[in-house]
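Read through the structure below, which is laid out as structure tokens, and then see the notes.
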Amino acid sequence: MGAPVDWLIVGLGNPGSQYAGTRHNVGFEVAEKLAARWGLPKLKAKYAGLLTEGRAGPGGPRVAVLLPQTFMNDAGDSVGPARGVFGLPLERVLVVHDEIDLPFGEIRVRVGGGLAGHNGLKSLKAALGGADFARIRVGVGRPPTTDPERVAAYVLGRFREPREEVALLVEEAADAAERAVLASAAETEQNGPGSA
């Protein structure tokens with residue numbers, strides 16, 4: 001019997017209405033967009049987060065979408081236990097997060113790599129025992145300063161870009177996440193189970 005899900009998709013952000021619409025919460029927005037796109041059930045409290053499970057579209061791989069409610073810096077306290085219960089290998093954890101080292105609108109997909117001072121990613125590495133999880137890095141741009149307090153204020157601030165551009169960024173990041181999940185499913189099908 002395989003794992004109950006093929007992928008654990010994690011959107012990083014901070015709980016509470018005061019953080020809604022901020023750059024640091026773009027991971028939440030992308031995760032919610034995927035859950036809606038795939039028609040997944042309503043999010044429910046589980047693993048110190050909000051969780052929903054189902055299929056990534058008709059006949060797609062089984063997914064769990066998790067929005068940790070621990071605050072960004074402690075996201076591992078939610079993701080670690082969830083991954084443990086689902087019994088997934090590290091590369092089947094897909095984390096969607098804001099990235100100040102990418103210009104606004106740029107999206108990159110990668111497995112592993114550095115943490116670039118991102119406290120949410122640091123918490124995940126500690127909880128998951130490594131940094132080799134898959135990532136959707138959503139570019140939110142960088143403020144013209146290296147002052148940690150001003151950088152923190154920037155990521156915790158709301159987007160200044162037009163609403164339509166932010167909506168497009170979320171849509172394109174969701175597309176990238178969906179492609180990553182569906183591509184792995186196609187690969188597994190092509191190579192047979194146990195090869196992924």
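The values are calculated or read from the model by the stated rules, or taken from the named source; none is laboratory data. Keep in mind that what you see is a predicted model, and the values were worked out from it rather than measured. Neighbour counts run over all protein chains shown; Cβ positions are idealised from the backbone, glycine included. We work out accessible area using only protein heavy atoms, side chains counted, and drop any ligands, DNA or RNA first. Shrake-Rupley method; radii C 1.70, N 1.55, O 1.52, S 1.80 Å.
What to note about this one:
- Here the dipole of the chain is about 360 debye; that uses its Cα centre as origin and unit charges on the Cβ of Lys and Arg (positive) and Asp and Glu (negative).
- For region 1-107, the set of trypsin sites (Lys or Arg not before Pro) satisfying both a DSSP loop assignment and a count of at most 11 other C-beta atoms within 10 Å is given as LYS42.
- Average accessible area per residue (Å²) across region 1-55 - probe 1.4 Å, nucleic acids and ligands excluded: 45 Å²
- Bridgeable aspartates and glutamates around LYS125 (alpha carbons under 12 Å apart, same-chain partners fewer than 8 residues away excluded): ASP74, ASP77.
- Carbon + sulfur, % of accessible area of region 14-130 - ligands and nucleic acids excluded, 1.4 Å: 53 percent
- Using a cutoff of 8 angstrom between alpha carbon atoms and counting only pairs six or more residues apart, the relative contact order for the chain works out to 25 percent.
- 0 to 90° range, to nearest 10: angle between helix 76-86 axis and the chain longest Cα axis: 10 degrees
- Taking a sphere under 10 Å around the Cβ of VAL95 and counting the other residues whose Cβ falls inside, with K and R at +1 and D and E at -1, yields a net charge of +2.
- Whole-Å distance, taken between Cα centres, linking region 1-59 and region 101-135: 17 Å
- Under a 5 Å amide H cut-off, with hydrogens placed 1.01 Å from N, ARG55 pairs with VAL63 among residues at least 5 apart or on other chains.
- For the chain, the longest principal axis of the C-alpha atoms and the axis of helix 119-128 are separated by about 30°.
- Per residue, region 71-196 exposes 51 Å² of solvent-accessible protein surface, assessed with a 1.4 angstrom probe and all protein chains in place.
- Residues with amide H under 5 Å from that of ILE9, placed H, sequence gap 5 or more: ALA64, VAL65, LEU66, LEU94
- Counting Cα-Cα pairs of the chain in 10 Å increments starting at 0 gives whole-percent bin shares of 9, 39, 37, 12, 2, 0.
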